[in-house]
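The values are calculated or read from the model by the stated rules, or taken from the named source; none is laboratory data. Quick caveat: nothing in here was measured; it's all calculated off a predicted structure. Note that each Cβ is placed from the backbone with ideal geometry, even for glycine, and that neighbours are counted across all protein chains shown. What goes into the accessible areas is simple: the full protein's heavy atoms, side chains included, and nothing from ligands, DNA or RNA. Shrake-Rupley method; radii C 1.70, N 1.55, O 1.52, S 1.80 Å.
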Amino acid sequence: MNGICSDNNVDKTQLKQEEFIVTFLKETLRIFTPIVLMLAIFSVAAQTTTQESIFEIRADGLACPYCAYGIEKKLMAINGVKHVDINLKQGKVLVTGDEDLNFEEQQLKTLFNDSGFTYRTMKKVLHAKQDKK
Amino acid sequence: MKLSNAFLFTFFLSCCLIINEVSAHDPIFSPGPHVLFKDGIELHTEFTQAAQGNKKQKQQTLAFKYGLSGDWVVGVKLPYQTSENSVETKQGIGDISVSTKYRFWRKDSLAVQESAAVIAKVKLNTGKEQVSSDTTDALLGLSYGFESLTWYRWASVRYRFNQNRDLDNQATLQRADRLFVDIAGGYRLSVNDYRDIDTVWLLELNGEYAQANRFNNADLANTGGSQWFISPGVMWTLRNFAIKAGVQIPVYSNLKGAQADSDYRALLEFEWHM
């Protein structure tokens, strides 16, 4: 008889523990699920697709990197230009900038002439880029 | 009246050391046609040392240049000189010089630039008496350069009009003009990316000629003559910063009288474009 009572007590205790765990998990899910969902939504919302423009400019006379520095300096002074790289072998100046960045032919002719080189051609390439704000 | 050896030596080395029209990607001991970009600023400091017999001269120079256009640059140079021989040491701020270079011809093609420039320079009479030539001298020159990604070649000729010098006893020292002729070559072992260090090895042949100075309508002994130097050098650049180093080694000397032959002239230069 005592043994049966003891078993019943153990079962009741186990049941209480299980109930507590289930309740705890439910509460945890109830509280944290909206938070996790909100974070996920904010995260997706923050990921916007922006575009940056890349210009490939052909110029002649680029025989040394030191002398070409003037091109970099003058291009970087233009609003919207983010980065300038120069490929001496191909005679190309690569300009990365804002999506709405634009150059005019005459502007580049003057810029390259003021830098001591000869402007030839320009090609604009739009480049998609995923940015996390 | 006898002119002291120290005086003549100061003249001689001033002539030798204050000739550099070096700029940008030009040879080390002779001028090339390179100029600065428009509104560009060049700051450079150079250290030169020359030895001739028992005499030595050191010079530290600060220079500033400004690009008026993509083909025209103006500059000013301020040297600090130390001259020493077995008897005495003289030092002080030397003569300021102002210079200009105009690139009147340029032919650009893919990774190649060929150009020519005229050079003008005036050395003013502003320095401390001990190290100054006490004259205002003018220099005119012409330089040509061919630059590619692998090979460089340059040639230049300069003529310096030396002003006569009035001496204390109202006599006049007639200082002979000086002619400089230079050819130079450069070689780039490898073409690196724009933002990497670039190295160009240089070899120059520098010639100088001057007639004897004159005093009381007679040639002064131990002045004038010709010298030729072979000058190896190197230039390192990293975007807008350059280091140049070279040494002039005499290979032929025909100096008049009992002038000691030049032993060497060395130059180290740091240059910054902004």
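List of remarks:
- Computed from backbone phi with θ = phi - 60° and the Karplus coefficients 6.51, -1.76 and 1.60, the 3J(HN,Hα) list for region B:52-57 is 8, x, 8, 10, 9, 9 Hz; x is used for glycine and proline.
- Diffusion constant of region A:49-132 at 4 °C, which comes from Stokes-Einstein with the Kirkwood Cα-pair radius and 1.567 mPa s, µm²/s: 100 µm²/s
- Accessible surface of region A:49-132, 1.4 Å probe: 44 percent of it comes from carbon and sulfur atoms.
- A/B buried area, accessible surface, summed, 1.4 Å probe, Å²: 2500 Å²
- Nearest-20 debye value, region A:49-132 charge dipole, Cβ charges on Lys, Arg, Asp, Glu: 260 debye
- Long-range HN-HN contacts of A:H83 with modeled amide H, under 5 Å: A:T96
- For region B:132-142, 3J(HN,Hα) computed residue by residue from phi via the Karplus equation (6.51, -1.76, 1.60; θ = phi - 60°) reads 8, 7, 6, 9, 10, 10, 10, 10, 10, x, 9 Hz, glycine and proline entered as x.
- Accessible area of region B:148-274 belonging to carbon and sulfur atoms, whole % at 1.4 Å probe: 57 percent
- Using a Förster distance of 56 Å, the FRET efficiency for B:D219-B:Y187 (Cβ separation, nearest 0.05): 0.85
- Region B:20-121 shape via C-alpha gyration tensor axes, a/c threshold 1.5: prolate
- In this calculation the C-beta distance from B:K128 to B:W105 is compared with R0 = 35 Å, giving a FRET efficiency of 0.30.
- Between the beta carbons of B:Y80 and B:L140, assuming R0 = 30 Å, the FRET efficiency works out to 0.70 to the nearest 0.05.
- Between 0 and 90°, nearest 10: helix B:5-17 axis offset from chain B longest Cα axis: 10 degrees
- With contributions of -39500 (n - 2.57) from each DSSP H run of at least four residues, the per-residue ellipticity at 222 nm computed over the protein assembly as shown stands at -7000 deg cm²/dmol.
- When the Cα positions of A:I86, A:S53, A:N102 are compared along the charge dipole of region A:49-132, A:I86 comes out farthest toward the positive end, with charges on each C-beta of Lys, Arg, Asp and Glu.
- Neighbouring Cβ atoms from other chains, within 10 Å of the Cβ of residues in B:194-202, number 3 on average.
- For A:113-122, mean number of other protein chain Cβ atoms within 10 Å: 5
- Cα→Cβ-extended label distance, 7 Å offset, between B:T172 and A:D11, nm: 13.3 nm
- Accessible area per residue, Å², the protein assembly as shown with all protein chains present, probe 1.4 Å: 50 Å²
- Within region B:99-146, the residues that become at least 30 Å² less accessible when every protein chain is included than when their own chain is isolated (1.4 Å probe; DNA, RNA and ligands ignored) are B:R106, B:D108, B:L110, B:A111, B:Q113.
- Extension gain, A:E105 back to A:K89 (0.36 nm per residue minus Cα-Cα distance, nm): 3.5 nm
- Added length on full extension, which subtracts the Cα-Cα distance from 0.36 nm per residue, B:Q163 to B:Y252: 29.3 nm
- B:T126 long-range amide H proximity, modeled H, under 5 Å: B:I96
- Where GluC sites (Glu not before Pro) in DSSP loops with at most 11 other Cβ within 10 Å are excluded, longest remaining stretch of chain B: B:130-274
- Rounded if a/c under 1.5, otherwise prolate or oblate - region B:5-273, Cα gyration tensor axes: prolate
- For the protein assembly as shown, the spread of Cα positions along each principal axis, largest first, Å: 142, 58, 36
- Of the GluC sites (Glu not before Pro) found in region A:31-126, the ones in coil according to DSSP and having at most 11 other Cβ atoms within 10 Å of their Cβ are A:E104.
- Working note: Karplus 6.51/-1.76/1.60 with θ = phi - 60° gives region B:199-208 the couplings 10, 10, 8, 10, 9, 10, 10, 10, x, 9 Hz, where Gly and Pro are set to x.
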